[in-house]
Amino acid sequence: MSLIDLKDIKAGYGATPILNGVNMAIDASDIGVIVGPNGAGKSTTLKAIFGLLNVMDGTITFDGRDTTRLEADRLVPMGLSFVPQEHNVFTSMTVHENLEMGAFIRRDDISGTLDEVYEMFPDLKAKRRQPAGELSGGQRQMVAMGRALMSKPKLLMLDEPSAGLSPRYMMEIFEQVVKINAAGVGILMVEQNARQALAFATKGFVLANGQNRFTGTGQELLDDPDVAKSFLGG
Amino acid sequence: MNDLIFFFNQAIIGGVVLGSIYALGAVGVTLIFGILRFAHFAHGDMMTLGGFISFVLAGIVAGLGIAFPLPIGFIVVPFAMLIAAGLALGIDKGFYAPLRARGAKPVTLLIASIGVTMMIQGLIRLFFGVGTYSFFDTQPKVLHRIELPFEGVTRPISFSEPQLLLVISTIIAVVALHYFLTRSRLGKGMRAMADNPDLAKVSGINTKLVVRVTWIIAGALACLAGTMLALDVSLKPDLAFNIVLPIFAAAILGGLGHAYGAIAGGFVLGFAETLAVFNWSVLLRPFRDNLPEWFEIPNTLSLVQSEYKLTVAFVILVVVLLVRPTGIFKGAST
Ligand SMILES: Nc1ncnc2c1ncn2[C@@H]1O[C@H](COP(=O)(O)OP(=O)(O)OP(=O)(O)O)[C@@H](O)[C@H]1O
Ligand SMILES: [Mg+2]
């Protein structure tokens, strides 16, 4: 059984569904990458998993439990973490406090996890007393990822973690994603830099108009001429 | 020198006292705004209600016949704050939470809070009538006088015991709030939710708990402010309704949602008001001989007559909204 399983998800913000039957399955060993055109429903899929909008039909199973109707405050303790596409740091709070907020649900000692995050992103350690709003875009993305890791998730969901970043930061973020996955955390991420991301994806999903168009390993998607033509810019 | 002391007694002590009241009220307003995104108009009446709770408790304690070295109204204030915090939670659960659950807009909540204002005022009048009450029927109000050891100085620095206690308890409340917001897990969660409610939810922060803690703090501080105000002047059903405008002005001046801004805004407003109504001719009189012939010192020379002191808050509010709508302290955390 997969770590997370989406079966025929229909969901939306109001009465009209944006997702019209999305299917996905990710294991703890997987890096799943969702690609697709603007407005395809990629962010909506992650929000639906995270209980941030109304799931009208279908089921979501996470870690063996039906989580279709659960909200974020229940999902985080179960081991699900989410880095939204935008506004993903507490700008008025320091880097350190941002990380602490990621561990809000934990009552045990968080210093070990803090050390791990600072080791992963040494830039952040130097800036830990600085408000996150004063950091560069790349550093903010690191804060956002660090915050999500502080709850010790089993599955980490990232919405366009490389958006707007320089190639240097993009590569750094991708490297960390691979490392986090190697440490046993399942990854489900949306990416616009599709070629680079599919290169290390164990599972790739092409979404269009709120539905799966192609599903396969990252390499299969890269090799598929239709996918390359329609979604990866030739 | 005597005139300077008069200035100190009237303007400086007066400003600190008024500023403390405004600060305690504005902190509650700003915290509620930061977490729930609506202007809690009934805050002044929660202050008045707190004053009446203390008054009832003080009556019970006075009946026990024990002599206290401090005003009984002050001794009972921690218990009154507990009750007031419970009532604030009840008001939220009864009136605002159901509206939020239905996705009501902030303006709907604002109007609901005007309803709560009327309800609280009505209930107070129902039980206590429209009269004025004093905490000092069974106890004398102690006045402190500090004589200055200078030649020719006859006027002492003077302030009342309730004023001193007000300033001390404001300092304690502000320091405690500071530690809560910057050191405790829940306090940081509160700042996180004020900063970015969606991300707070995504982080698994128990937002319902944060809302409850916000009402507990706001209710308790409102009770403290209302009681101390009633100890300083007297207790009546419209005690704090009349100062809800300067309290909102202070919160807006400090940048809504910013706790430290609200405290600073409260003191700015308090001083602005007392300085505006201060009779400046008192300070000019000693220089009578040095002033030009044609200049005659009027009997009263104040910027604003004291009946119109509320206009000070209005003017400050309007100027801030025009010049810096985000408040003067925007940028400071919380
Ligand atoms: N908060 C919202 N309320 C209503 N409709 C929304 C909301 N957010 C997105 N939508 C709509 O849902 C559809 C899918 O949006 P979504 O954000 O999932 O796209 P996406 O695939 O993530 O695109 P992008 O690459 O631009 O991030 C779009 O048509 C969008 O207009
Ligand atoms: Mg998106």
Residue match in segment A:168-176 (condition: surrounded by fewer than 16 Cβ atoms within 10 Å (Cβ to Cβ), away from chain B (no Cβ under 14 Å), of a type in the set (Val, Ile, Thr) and more than 16 Å from ligand 1 (Cβ to nearest atom)): no
Tabulated pairs, segment A:190-219, first outside the structural domain of A:Lys7 (by TED's automatic domain parsing), second at pLDDT below 90, C-beta under 7 angstrom, 6+ apart or interchain: none
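From A:Ala15, A:Ala11, which residue is under 24 Å from B:Asn196 (Cβ atoms), small (Gly, Ala, Ser) and within 16 Å of ligand 1 (Cβ to nearest atom)? Break it down stepwise before answering.
Numbers: A:Ala15 fails: under 24 Å from B:Asn196 (Cβ atoms).
Checking each option against the conditions leaves just A:Ala11.
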Residues (facing chain B (nearest Cβ under 8 Å), surrounded by 17 or more Cβ atoms within 10 Å (Cβ to Cβ) and closer than 17 Å to A:Gln141 by Cβ) located in segment A:68-90: A:Phe82, A:Pro84, A:Asn88, A:Val89, A:Phe90
Every pair of residues 6+ apart whose Cβ atoms lie under 7 Å, when the first sits in segment A:152-181 and is of a type in the set (S, T, N, Q) while the second is within 16 Å of ligand 1 (Cβ to nearest atom) and assigned to a loop (DSSP other than H, G, I, E, B): A:Ser162/A:Glu191; A:Ser162/A:Asn193
Filter result for the condition that a residue is in contact with a strand residue (DSSP E or B) (Cβ under 9 Å, 6 or more places away or on another chain), in contact (Cβ under 8 Å) with a residue 60 or more places away in the chain, closer than 17 Å to A:Leu155 by Cα and more than 16 Å from ligand 1 (Cβ to nearest atom), over A:Ser43, A:Ser29, A:Ser2: A:Ser29
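Considering only segment B:294-310, I want to know if a residue exists there that is assigned to a helix (DSSP H, G or I), more than 14 Å from chain A (Cβ to nearest Cβ) and touching a Gly at 6+ places or on another chain (Cβ under 9 Å). Outline the logic, then answer.
Initially, segment B:294-310 is screened for residues assigned to a helix (DSSP H, G or I), giving B:306-308, B:310.
If we keep only those that are more than 14 Å from chain A (Cβ to nearest Cβ) too, we end up with B:306-308, B:310.
Next, from what is left, pick out any that are touching a Gly at 6+ places or on another chain (Cβ under 9 Å): none.
Within segment B:294-310 (the criterion being assigned to a helix (DSSP H, G or I), more than 14 Å from chain A (Cβ to nearest Cβ) and touching a Gly at 6+ places or on another chain (Cβ under 9 Å)), the answer is no, since none of the residues qualifies.
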Of the criteria (1) of a type in the set (Gly, Ala, Ser); (2) more than 9 Å from ligand 1 (Cβ to nearest atom); (3) crowded, with 17+ Cβ neighbours inside 10 Å; (4) farther than 27 Å from A:Ala103 by Cα, which one A:Gly21 fails: (3)
Condition check for B:Leu245: assigned to a loop (DSSP other than H, G, I, E, B), hydrophobic (A, V, I, L, M, F, W, C) and under 18 Å from the mean Cα position of the chain (by Cα): no
Residue in segment A:150-167 that is away from chain B (no Cβ under 14 Å), crowded, with 24+ Cβ neighbours inside 10 Å, closer than 16 Å to A:Asp30 by Cβ and within 16 Å of ligand 1 (Cβ to nearest atom) present: no
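Test B:Arg125 against the stated conditions and say whether it is touching a strand residue (DSSP E or B) at 6+ places or on another chain (Cβ under 6 Å) and not in a loop (DSSP other than H, G, I, E, B). Spell out the reasoning first.
Numbers: touching a strand residue (DSSP E or B) at 6+ places or on another chain (Cβ under 6 Å): no; not in a loop (DSSP other than H, G, I, E, B): yes.
Judged against the criteria, B:Arg125 is not a match.
What are the residues in segment A:33-43 that are on the phi < 0 side of the Ramachandran plot, buried (at least 22 other Cβ atoms within 10 Å of the Cβ) and within 9 Å of ligand 2 (Cβ to nearest atom), if any?
Looking only at segment A:33-43, we keep the residues that are on the phi < 0 side of the Ramachandran plot, and these are A:33-35, A:37-38, A:40, A:42-43.
Checking the rest, the ones that are also buried (at least 22 other Cβ atoms within 10 Å of the Cβ) come to A:33-35, A:40, A:42.
Passing the criteria: A:Ala40, A:Lys42.
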Residue list for segment B:300-334, restricted to those being of a type in the set (Val, Ile, Thr), at pLDDT 80 or above and surrounded by fewer than 18 Cβ atoms within 10 Å (Cβ to Cβ): B:Thr311, B:Val315, B:Val318, B:Val319, B:Val323
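Considering only segment A:44-61, state which residues are surrounded by 17 or more Cβ atoms within 10 Å (Cβ to Cβ) and more than 14 Å from chain B (Cβ to nearest Cβ).
Our first condition is that a residue be surrounded by 17 or more Cβ atoms within 10 Å (Cβ to Cβ); within segment A:44-61, this holds for A:44-52, A:55, A:58, A:60-61.
Scanning segment A:44-61 gives A:Thr44, A:Thr45, A:Val55, A:Gly58, A:Ile60, A:Thr61.
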In segment A:91-110, residue surrounded by the fewest Cβ atoms within 10 Å (Cβ to Cβ) [restricted to those that are touching a residue at least 40 places away in the same chain (Cβ under 8 Å) and more than 10 Å from every other protein chain (Cβ to nearest Cβ)]: A:Ile110
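Among B:Leu164, B:Leu199, which is the only one that is touching a strand residue (DSSP E or B) at 6+ places or on another chain (Cβ under 9 Å), part of a helix (DSSP H, G or I) and either away from chain A (no Cβ under 14 Å) or free of Cβ contacts under 8 Å to residues at least 12 places away in the same chain (or both)?
Answer to the selection: B:Leu164.
Provide a single number: the residues in segment A:177-190 that are crowded, with 18+ Cβ neighbours inside 10 Å and either more than 16 Å from ligand 2 (Cβ to nearest atom) or more than 19 Å from A:Phe82 (Cβ to Cβ) (or both). Full working, then the answer.
From segment A:177-190, those crowded, with 18+ Cβ neighbours inside 10 Å are A:177, A:180-181, A:185-190; that's our starting set.
Cutting the leftovers down to either more than 16 Å from ligand 2 (Cβ to nearest atom) or more than 19 Å from A:Phe82 (Cβ to Cβ) (or both) gives us A:177, A:180-181, A:185-187.
So the answer is 6.
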Enumeration of residues in segment A:157-176 that are more than 16 Å from ligand 2 (Cβ to nearest atom) and on the phi > 0 side of the Ramachandran plot: none
Qualifying residue in segment A:126-141 (condition: within 16 Å of ligand 1 (Cβ to nearest atom) and surrounded by 15 or more Cβ atoms within 10 Å (Cβ to Cβ)): yes
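Of the residues B:Thr138, B:Thr170, B:Thr154, which single one is of a type in the set (S, T, N, Q), loosely packed, with under 13 Cβ neighbours inside 10 Å and either more than 14 Å from chain A (Cβ to nearest Cβ) or within 21 Å of the chain's Cα centre (by Cα) (or both)? Lay out the reasoning, then the answer.
Details: B:Thr138 fails: loosely packed, with under 13 Cβ neighbours inside 10 Å; B:Thr170 fails: loosely packed, with under 13 Cβ neighbours inside 10 Å.
Going through B:Thr138, B:Thr170, B:Thr154 in turn, just one is of a type in the set (S, T, N, Q), loosely packed, with under 13 Cβ neighbours inside 10 Å and either more than 14 Å from chain A (Cβ to nearest Cβ) or within 21 Å of the chain's Cα centre (by Cα) (or both): B:Thr154.
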Counted residues, segment B:46-85 - those being under 18 Å from B:Val213 (Cβ atoms) and without any contact (Cβ under 8 Å) to a residue 12 or more places away in the chain: 1
Condition broken by B:Ala240, with the remaining ones in (1) more than 14 Å from chain A (Cβ to nearest Cβ); (2) surrounded by fewer than 24 Cβ atoms within 10 Å (Cβ to Cβ) satisfied: (2)
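Among the listed residues B:Ile60, B:Ile21, B:Ile35, B:Ile13, which satisfies the condition of being in a helix (DSSP H, G or I) and farther than 30 Å from B:Asp137 by Cα?
Details: B:Ile60 fails: farther than 30 Å from B:Asp137 by Cα; B:Ile21 fails: farther than 30 Å from B:Asp137 by Cα; B:Ile13 fails: farther than 30 Å from B:Asp137 by Cα.
So the residue among B:Ile60, B:Ile21, B:Ile35, B:Ile13 that is in a helix (DSSP H, G or I) and farther than 30 Å from B:Asp137 by Cα is B:Ile35.
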Subset of segment A:125-149 [at pLDDT below 95 and touching a Gly at 6+ places or on another chain (Cβ under 7 Å)]: A:Gly137
Single unsatisfied condition, B:Phe159 versus (1) more than 14 Å from chain A (Cβ to nearest Cβ); (2) of a type in the set (A, V, I, L, M, F, W, C); (3) touching a residue at least 60 places away in the same chain (Cβ under 8 Å); (4) assigned to a helix (DSSP H, G or I): (4)
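The values are calculated or read from the model by the stated rules, or taken from the named source; none is laboratory data. Quick caveat: nothing in here was measured; it's all calculated off a predicted structure. We place every Cβ from the backbone using ideal geometry, glycine too, and count neighbours over all the protein chains shown.
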